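The structure appears below as structure tokens.
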Amino acid sequence: IYAEDALLLADSIKDVERIAEANHISGLAWKLYGDNSTAILKLYHAAENYKAQNEQHKYSIVLADIGETYRANGNHSISIEYLRSALTIQKELADSQNLAITYNRLAASSYEVLISQPSYQKFVKGTNQGYEEIQQILETDISLKQCLDSTLNFIENSEQIAKKLALDEIVISNNTILGATYAAIFEFNKARSEERRVGKECRSRW
């Protein structure tokens, strides 16, 4: 409600920066409310406004928020497209904190692409699932292997930055995604190791 009030006031005085900020906040609020369609519309408006003002830092953050909203909606290919666009700008700006966050969200999207691949779904619904069988599939299915490699690469890139900046929440999220990824390819010892690491991180934080 406050964001919509702010948007009306900002629009009445043609304050483009405040219009962008109000749309951004409104978009995030609609996402939390569960209305991803309205959220994306608001975030699109914010992105257009920030781009018009050449506010590259804020523009990249909104692009990442659009990508994350599409991920939450199950549109992984579009999610990755927007997240990669945000990543390109953040690299140019040397925006380390947001790079760690965007790499993390790319890892989440890439993991979800991995487990939704037809070859993976066929495997998990089969009768002889095991480490050897999934490794054989990974050796022959290029698309599945690329998804796995991308997920692990995104996690590693995010982790390097997050640890350096002590971004504990991102570190925990990275470990959670990594554990889920290891479990997905039947490397359960590594998955349990990441689970213990997440528990340790949470206890030290809280």
Of the residues A52, A47, which single one is touching a residue at least 24 places away in the same chain (Cβ under 8 Å) and either on the phi < 0 side of the Ramachandran plot or open to solvent by 40 Å² or more (accessible area, probe 1.4 Å) (or both)? A52
Assuming T176 fulfils every condition listed in (1) of a type in the set (S, T, Y); (2) within 26 Å of L32 (Cα to Cα); (3) open to solvent by less than 60 Å² (accessible area, probe 1.4 Å) apart from one, which condition is it? (3)
Of the residues in the stretch 114-142 that are aliphatic (A, V, I, L, M) and open to solvent by less than 30 Å² (accessible area, probe 1.4 Å), the one that is nearest to the chain's Cα centre (by Cα) is L114
The condition from (1) charged (D, E, K, R); (2) modelled with pLDDT under 95; (3) open to solvent by less than 60 Å² (accessible area, probe 1.4 Å) that K42 misses is numbered (2)
In the list A184, A191, which residue meets the criterion of being in contact (Cβ under 8 Å) with a residue 60 or more places away in the chain and farther than 16 Å from T102 by Cα? A184
Mind listing whichever residues of the stretch 149-168 are of a type in the set (A, V, I, L, M) and either surrounded by fewer than 17 Cβ atoms within 10 Å (Cβ to Cβ) or assigned to a helix (DSSP H, G or I) (or both)? L152, I155, I161, A162, L165, A166
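The values are calculated or read from the model by the stated rules, or taken from the named source; none is laboratory data. What you are looking at is a predicted structure, and each value in this text was computed from that prediction instead of being measured. When we count neighbours, we look across all protein chains shown, and the Cβ atoms used for this are built from the backbone with ideal geometry, even at glycine. Side chains included, ligands, DNA and RNA excluded: accessible areas come from the protein's heavy atoms. Shrake-Rupley method; radii C 1.70, N 1.55, O 1.52, S 1.80 Å.
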